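Scroll down for the structure; my scribbles are underneath it.
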Amino acid sequence: RGHVGETDYIAYWKGRVVNAEVSGNSISIQCESIFTSIQRPGLRAKFEYTCRHALYSGLCGASAATYGINDQIVEITNSSTKFNITDCASYPDGWFTGGILLVGAYRRFIVNHVGTIITVSRPLLEAAANDFAVVYPGCDHTMTTCKNKFNNILNFGGFPWVPTKNPFG
């Protein structure tokens, strides 16, 4: 908005043209306010040192079926949170920490793995000794684990080379 002869103008309305239709000698222009851009989703990716992708998700690219081991539960202790699974001993301690224990249709997050013992985050009352379980290895979301454990470095979603010192600070 402004006045004839003046050089200062004030923005009275901001937006964008969405559609324009010509009809005879007139043009009908359809516009929308700049505030409609707020309805669009913003950036969702996190800018962090470690990988931002959920393990075994489409963005991660690691295949759960490739890395899972299927074995029988020998014993369940500690209010159904500790599972003795023999095949887990063939992997280094911590290999399954951060992974998933699947018994039938029930899943639990693995909080610790030492030898044959898998500890889950909450009780799995539906499981019993001699049931079969699938144990999926965990990930600490570091670049080293992505490369060495899952051979998945091309899908690593972290930014490990971000400087720790702010050049503007």
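The values are calculated or read from the model by the stated rules, or taken from the named source; none is laboratory data. If you're wondering where the values come from, they're calculated on a predicted model, not measured in any experiment. Quick reminder, even Gly has a Cβ in these numbers, built from the backbone with ideal geometry, and neighbours come from all protein chains shown. The protein model used for the area step is the full one, side chains on, heavy atoms only, and it has no ligands, DNA or RNA in it. Shrake-Rupley method; radii C 1.70, N 1.55, O 1.52, S 1.80 Å.
Grab the strands (runs of 3 or more DSSP E) fully contained in the stretch 56-164, keeping just those with 1 or more residues being acidic (Asp, Glu) and on the phi < 0 side of the Ramachandran plot.
Numbers: elements: 69-77, 82-85, 100-103, 106-114, 117-120, 132-136.
Here the list reads 69-77.
Restricting attention to the stretch 49-70, does a residue exist that is of a type in the set (Phe, Trp, Tyr), exposed (fewer than 12 other Cβ atoms within 10 Å of the Cβ) and over 22 Å from residue 121 (Cβ atoms)? Give the derivation first.
Applying the first criterion (of a type in the set (Phe, Trp, Tyr)) to the stretch 49-70 yields 49, 56, 67.
Next, from what is left, pick out any that are exposed (fewer than 12 other Cβ atoms within 10 Å of the Cβ): none.
No.
Matching residues to (1) in contact with a strand residue (DSSP E or B) (Cβ under 6 Å, 6 or more places away or on another chain); (2) touching a residue at least 12 places away in the same chain (Cβ under 8 Å); (3) over 13 Å from residue 137 (Cβ atoms):
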site: 25; (1), (2), (3): no, no, yes
site: 30; (1), (2), (3): yes, yes, yes
site: 62; (1), (2), (3): no, yes, no
site: 68; (1), (2), (3): yes, yes, no
site: 84; (1), (2), (3): yes, yes, yes
site: 90; (1), (2), (3): no, no, no
site: 99; (1), (2), (3): yes, yes, no
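So which of 29, 38 is open to solvent by 70 Å² or more (accessible area, probe 1.4 Å), modelled with pLDDT of 90 or more and over 30 Å from residue 128 (Cβ atoms)? Before you say what the answer is, go through the steps one by one.
Working: 38 fails: modelled with pLDDT of 90 or more.
Going through 29, 38 in turn, the sole match is 29.
Suppose the filter is surrounded by fewer than 16 Cβ atoms within 10 Å (Cβ to Cβ), modelled with pLDDT of 95 or more and either touching an Asp or Glu at 6+ places or on another chain (Cβ under 8 Å) or not aliphatic (A, V, I, L, M) (or both); does residue 94 pass it? So that I can check it myself, show each step before the final result.
Details: surrounded by fewer than 16 Cβ atoms within 10 Å (Cβ to Cβ): yes; modelled with pLDDT of 95 or more: yes; either touching an Asp or Glu at 6+ places or on another chain (Cβ under 8 Å) or not aliphatic (A, V, I, L, M) (or both): yes.
Here the answer is yes, as residue 94 does meet what is asked.
Mind checking which residues of the stretch 6-22 are of a type outside the set (Phe, Trp, Tyr) and either open to solvent by 80 Å² or more (accessible area, probe 1.4 Å) or closer than 30 Å to residue 159 by Cβ (or both)? Reasoning before the result, please.
Step one: of the stretch 6-22, the residues of a type outside the set (Phe, Trp, Tyr) are 6-8, 10-11, 14-22.
Within the stretch 6-22, 6, 7, 8, 10, 14, 16, 17, 21, 22 meet the criteria.
From the list 159, 109, which residue is open to solvent by 30 Å² or more (accessible area, probe 1.4 Å) and either touching a strand residue (DSSP E or B) at 6+ places or on another chain (Cβ under 7 Å) or under 15 Å from residue 73 (Cα atoms) (or both)?
Numbers: 159 fails: either touching a strand residue (DSSP E or B) at 6+ places or on another chain (Cβ under 7 Å) or under 15 Å from residue 73 (Cα atoms) (or both).
Exactly one of 159, 109 is open to solvent by 30 Å² or more (accessible area, probe 1.4 Å) and either touching a strand residue (DSSP E or B) at 6+ places or on another chain (Cβ under 7 Å) or under 15 Å from residue 73 (Cα atoms) (or both), namely 109.
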